[in-house]
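Participant: A single structure is presented below for examination.
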Amino acid sequence: MAWLSLKVLLVGLSFLGCLYPLVDFSFSGETRGQKPNFVIILADDMGWGDLGANWAGTEDTANLDKMATEGMRFVDFHAAASTCSPSRAALLTGRLGLRNGVTHNFAVTSVGGLPLNETTLAEVLRGAGYVTGMIGKWHLGHHGSHHPSFRGFDYYFGVPYSHDMGCTDTPGYNHPPCPACPRGDRPSRNLERDCYSDVALPLYENLNIVEQPVDLSALAQKYAEKATQFIQQASTSGRPFLLYVALAHMHVPLARTPPSAGSRGQRPYSASLQEMDHLVGRIKDAVDLVGKNNTFLWFTGDNGPWAQKCELAGSVGPFTGSWQARQGGSPAKQTTWEAGHRVPALAYWPGRVPVNVTSTALLSVLDVFPTVLALAGAPLPRGRSFDGLDVSQVLFGQAQTGHRVSGGGACPPGLVRRPACRPHPGLPACVQTDPSSEDAHQWPLEVQPARPPGRGTPLRGTSFHSLLCFESAQLITQISR
């Protein structure tokens, strides 16, 4: 453990003076001008309908909409899980929770994290000569070697988990802020009182806590500044870089930024969505300034909106899941209904990704890992299976299909659920077996809303169902007609 203690000391000391003294930006070898840079931006709890380019009712995403016209928009893009930690683990490993071991959210009290035998995207790229940085919400373990500074990131600035988590000394403020919508005879919420943001959440710069509690109203500005600085310094060095930005937006509690003259009376969610859009615009401007033609920017979300938060939740677009909603349940985050895992997604790379293209290819956040490694010329880690695909041909307009679409039963012939294995929420564990055996997979209870998406009765003969199964590490969406 001597190496671990030494690294803790070095990383901890790195920010006692200036910004990046121990991040090695030096150039050596043949990396200059040959390998692309990568910026991956992950929104939190953003609805498919929050993107104006997806849904005409949204007018708060001018920068993202502009990016859509300058790049490629994906309308059938899916998170690997409908909750935070499993989705983020899948992005960084290219593997579903049943493989990488992250099947539930980590809590403030969690002592573990993403298993240490999992290889992250940052670790592979750093080994390929990249300088790696992360800004934002980690949520994959915050103790010891689970910290992002030990999972492949040369630089880290952000919060260890969701910003509704943390301790507080205020009497009565011992519950997560922004409770669910009141039901029945329960009293209505007071947003000023119940959606408090003074949670003692730590803000890290590498291993140092630089602020606690975090000032949420200033967090977006700090993220923009740190992202811009990282991009500028990495570009100046000549080394290729990976920057992973995991935003606080649009998770509750929504930051209370000082209102501008034109935004008074604006809904809190709309104001926060505009702030997120402005933050993404600033990061894109930094990319355009220093590495426009050699930087691939990928924007997406970790899962759908948190529908239980009512007016503080995003738009599901057409995926209303009205049958589920009428039963008192949510059709979005934390469920396997369509709005829980279908998320906005954009790709931007001038000169490589065609402009103003809408792709209907079935893609997933699982594809980020193998695609980025392929573009970087780095091999996949050996000795493990991956659930994502290299979709670079789709990104470059040379193909129109991603994951295979399969019809028939809930899982394709020969694939059934193994009862002894508890499936990840919404992700039945399908294994090769005799399709005539007694444990053949039954039609799932978590069916999606019927087509059209807002229909209220999920009839099997006319429904659209989304289901994830294993088959040769392929992601399968099943369409029943």
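Participant: Just to make sure I understand: if all protein chains stay in place, what is the order of Thr335, Thr132 by accessible area at 1.4 Å, largest first?
Facilitator: Ranked list, largest accessible area first: Thr335, Thr132.
Participant: Let's see if you can work this out: charge +1 on each Lys and Arg Cβ, -1 on each Asp and Glu Cβ, no other charges. What is the dipole magnitude of the range 74-163 about its Cα centre, in debye to the nearest 20?
Facilitator: Taking the Cα centre of the range 74-163 as origin, the dipole is about 80 debye.
Participant: In whole percent, and with a 1.4 Å probe on the protein chains, what portion of the accessible area of the range 287-407 is carbon and sulfur?
Facilitator: Here carbon and sulfur together make up 50 percent of the probe-accessible area.
Participant: If you don't mind, there's one more thing I want to ask. Write out the trypsin sites (Lys or Arg not before Pro) in the range 31-118 meeting two conditions: DSSP loop, and at most 16 other Cβ atoms within 10 Å of their Cβ.
Facilitator: Filter output for the range 31-118: Arg32.
Participant: Which semi-axis lengths, in whole Å and largest first, follow from the square roots of five times the eigenvalues of the Cα gyration tensor of the range 72-125?
Facilitator: The three semi-axes for the range 72-125 are 21, 15, 9 Å.
Participant: Order Thr58, Thr320 by their accessible area, 1.4 angstrom probe, all chains in place, largest first.
Facilitator: Thr320, Thr58
Participant: Something else now. Keeping all protein chains in position, work out how much accessible area His78 exposes to a 1.4 Å probe, and write it in Å² to the nearest 10.
Facilitator: Near enough 10 Å² of accessible area.
Participant: For the pairs Lys137/Lys226; Lys226/Lys292; Lys35/Lys292; Lys66/Lys333; Lys222/Lys309; Lys137/Lys333, flag any whose C-alpha to C-alpha distance is greater than 23 Å.
Facilitator: Beyond 23 Å between Cα atoms: Lys66/Lys333; Lys222/Lys309.
Participant: Here's another thing I want to ask about it. Could you give the distance between the Cα centres of the range 306-363 and the range 220-247, to the whole Å?
Facilitator: So the separation of the two Cα centres works out to 28 Å.
Participant: Heavy atoms only, probe 1.4 angstrom, no DNA, RNA or ligands counted: give me Phe396, Phe157 ranked by accessible area, highest first.
Facilitator: Heavy-atom accessible area, descending, gives Phe396, Phe157.
Participant: Give me the accessible area of His142, 1.4 Å probe, in Å² rounded to the nearest 10.
Facilitator: Approximately 30 Å² of His142 is accessible to the 1.4 Å probe.
Participant: Could you give log10 I(q)/I(0) at q = 0.27 Å⁻¹ for the range 88-164, computed by the Debye formula over C-alpha point scatterers of equal weight, without solvent?
Facilitator: -1.45
Participant: Given a 1.4 Å probe and the protein chains all in place, what does the accessible area of Tyr223 round to, in Å² to the nearest 10?
Facilitator: 10 Å²
Participant: Taking a ≥ b ≥ c as the square roots of the eigenvalues of the Cα gyration tensor of the range 277-355, is the shape rounded (a/c under 1.5), prolate (a/b larger than b/c) or oblate?
Facilitator: Since a/c reaches 1.5 and a/b is larger than b/c, the shape of the range 277-355 is classed as prolate.
The values are calculated or read from the model by the stated rules, or taken from the named source; none is laboratory data. Predicted, not measured: the structure shown is a model, and the values here were computed from it. A quick note on method: Cβ atoms are made from the backbone with ideal geometry, for glycine too, and the neighbour counts reach across all protein chains shown. Accessible surface is based on the protein model in full, side chains and every heavy atom, while ligands, DNA and RNA are left aside. Shrake-Rupley method; radii C 1.70, N 1.55, O 1.52, S 1.80 Å.
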